[in-house]
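The values are calculated or read from the model by the stated rules, or taken from the named source; none is laboratory data. Quick caveat, the model's predicted, so the values are computed rather than measured. As a convention, Cβ positions derive from the backbone with ideal geometry for all residues, glycine included, and neighbour counts pool all protein chains shown. Each accessible area value is taken on the protein alone, full model and side chains, heavy atoms only, with ligands, DNA and RNA left out. Shrake-Rupley method; radii C 1.70, N 1.55, O 1.52, S 1.80 Å.
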Amino acid sequence: MSRLVIVSNRVGPVRDAARAGGLAVALVDALRARGGLWYGWSGDTNNQSAGVKVEQAGALQLATADLTEDEYDDYYNGFANRCLWPLFHYRIDLTAFDRRYYEGYRRVNAKFASGLFPLLRKDDTIWVHDYHFLAFGNELRQMGAEQAIGFFLHIPFPSPEVLATLPNHDALVRGLFAYDVLGFQTSRDLERFCDFVVREAGGHVEGDHVTCFGRTIIARAFPIGIDTDGFAKMAAESEDARRQHEKAVRSLRGRAQMIGVDRLDYTKGLPERFQAFERLLDDYPDARGELVYLQIAPTSRGDVQAYREMRQELEGLSGHINGQYGEFDWTPLRYINRAFARRSLAGLYRASKIGLITPLRDGMNLVAKEYIAAQNPEDPGVLILSRFAGAIYQMPEAIAVNPYDIKEVADAIQNARYMSLEERQERFQALFDGLKRDDVAYWRDSFLATLEHEAPMHRKAERPA
Ligand code: GDG
């Protein structure tokens, strides 16, 4: 079996299983099983960079490089986080169209590609991840790389009209055709990509073969999953999860808990969610004193202005809700800006009668899946899920809501509060079965099988006789 090379903006964590998310664990498993290399940014900035640092971590190698301050500003904070991230989540209003950022992005993609190139073996399989590295494959190809290279986009692919607002969109899309396989979260994302290729770039699509710029690639939806069994076990059996569960139940004193867990990001629809909770308390007095909404929102990307502004807005809203409705023995909204250990999180999900996951846009949303995996099958909670999260296509038994419609979300919470045990169990079982079938190992293996078995056949067929 060929060696696996994973390329992503951040590498790991590899050793600390309690901190690593399901995705990191799944990738590390594959790297360990077949020997492999994980390559990306070290997380540090350094103006006198020492090039690529390679360390051995058991059976796998970690290779990292630093960014200079300018690269950090233009590539990471700039093009990735202030341009691609908002734009691909349909926030044109927050998108910084700055050509300097794009130049920085191209430079860093080229720099990272030239850092990896000398480390490559002839029959490596290379799997590149996410919007930080759209241009990486093309840079590698220009250096002469002939290996199989696949790319998976973790965030949504926008509609052609939205993408076309980006000054350099044509070059970015052309660059994607350097890959052999393109993976998207949902078939909607795939459709939008194909739409772009056909309408804007004059390409054509046959099944999952997409031809444009003189090259045919495979483009397909591979919805990402979680380690369903592992997460369920952790929630039910780990000591930390149990302790956290007990602590939560004790502090609730007979009240029900509703939970949201999201990186503090404007795509997650937190202000709208807080307003929906306020609307619930306004419209349904029976919820007052009975329901506690716990929102965990660890700070992310704190040096981007839009994130700081949203944080202030949320502090205002939560203060207002608690001031308006709180009682001396009931705080309606518990809003926490720090991260919890993964096991504690599992215990908190399990202690919550409702999971409220209402992003305005989300590639997939793994929290929705973790919430379900953590439930007690005998007495499961109810998931309320945004119709704009990729996860909704695999989780039709959740209560689907439009996150912009504050009243609809408030009504869905009320509906969830009174849902019968029988209906909760039915919905849970259907959701859980789906998550077991399409877990993270299935996602990983189906992507790699396409890249390693289908793409080469296809490349051979393409070669002129
Ligand atoms: C991107 C896409 C796509 C959150 N708070 C804590 C914590 N988390 C963990 C969750 C979950 C992960 O972070 C968040 O994953 P999501 O999928 O919900 O969202 P993004 O971070 O935006 O991820 C997304 C994903 O990539 C994968 O393809 O689904 O659409 O945007 O695992 O549990 N973990 C710990 N403490 C916290 O406080 N330990």
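Points to keep in mind about this one:
- Across all C-alpha atoms in region 229-291, the radius of gyration and Dmax reach 15.2, 40 Å.
- Bridging of LYS268 to lysines at a Cα separation below 17 Å is possible for LYS369, once same-chain residues fewer than 8 apart are set aside.
- Surface/4 estimate of mean projected area, convex hull on alpha-carbon atoms of region 125-237, nm²: 8.6
- Note on the chain: antiparallel DSSP beta bridges, both residues inside, total approximately 20 percent of the bridges counted.
- Placing +1 on the Cβ of every Lys and Arg and -1 on the Cβ of every Asp and Glu, with no other charges, gives region 181-234 a dipole of roughly 80 debye about its Cα centre.
- Gyration tensor verdict on region 44-104 (Cα atoms; rounded if a/c is under 1.5, prolate if a/b is larger than b/c, oblate otherwise): oblate
- Region 325-438 gives an Rg/Rh value of 0.96, both radii derived from C-alpha positions and Rh following Kirkwood.
- Region 202-209 - phi-based ³J(HN,Hα) in whole Hz, Karplus 6.51/-1.76/1.60, Gly and Pro as x: x, x, 9, 10, 9, x, 9, 9
- Against the compact-protein benchmark of 2.2 N^0.38 Å, the Cα-based radius of gyration of region 392-447 scales to 1.41.
- Overall, the accessible surface of region 328-463 at a probe of 1.4 angstrom is composed of carbon and sulfur to the extent of 50 percent.
- Computed on protein heavy atoms with a 1.4 Å probe, the accessible areas place ARG192, ARG308 in the order ARG308, ARG192, largest first.
- By the combined test of axial Cα extent (at least 18 Å) and Kyte-Doolittle hydropathy (mean at least 1.0), the qualifying DSSP H helices of the chain come to 22-34.
- Distance in nm between pseudo-label sites at GLU146 and GLU408 (7 Å out along the Cβ direction from Cα): 5.3
- Ligands, DNA and RNA excluded, the heavy atoms of SER420 present near 60 Å² of accessible surface to a 1.4 Å solvent probe.
- Our estimate of slack between ARG253 and TYR284, defined as 0.36 nm per intervening residue step minus the Cα-Cα distance, is 9.1 nm.
- Those lysines that a straight Cα-Cα span of less than 19 Å connects to LYS111, excepting residues fewer than 8 apart in one chain: LYS53
- Accessible area (Å², 1.4 Å probe, nearest 10) - GLU246: 110
- Values of log10 I(q)/I(0), in the order q = 0.08 Å⁻¹, for the chain under a Debye, Cα-only, solvent-free model: -0.49
- Per-residue ellipticity at 222 nm computed for the chain from its helices equals -12500 deg cm²/dmol, with DSSP H segments shorter than 4 residues left out and the rest contributing -39,500 (n - 2.57).
- Comparing Cα centroids, region 379-439 and region 126-200 end up 31 angstrom apart.
- Scaled radius of gyration (Cα, divided by 2.2 N^0.38 Å) that region 315-376 gives: 1.33
- Pair ARG174, ASN376: separation of 7 Å Cα→Cβ label points (nm): 6.0
- Radius, Kirkwood style, for region 182-255 when every pair of distinct Cα atoms is counted (Å): 16.0
- Accessible area per residue was computed with a 1.4 Å probe on protein heavy atoms; PHE117 scores about 70 Å².
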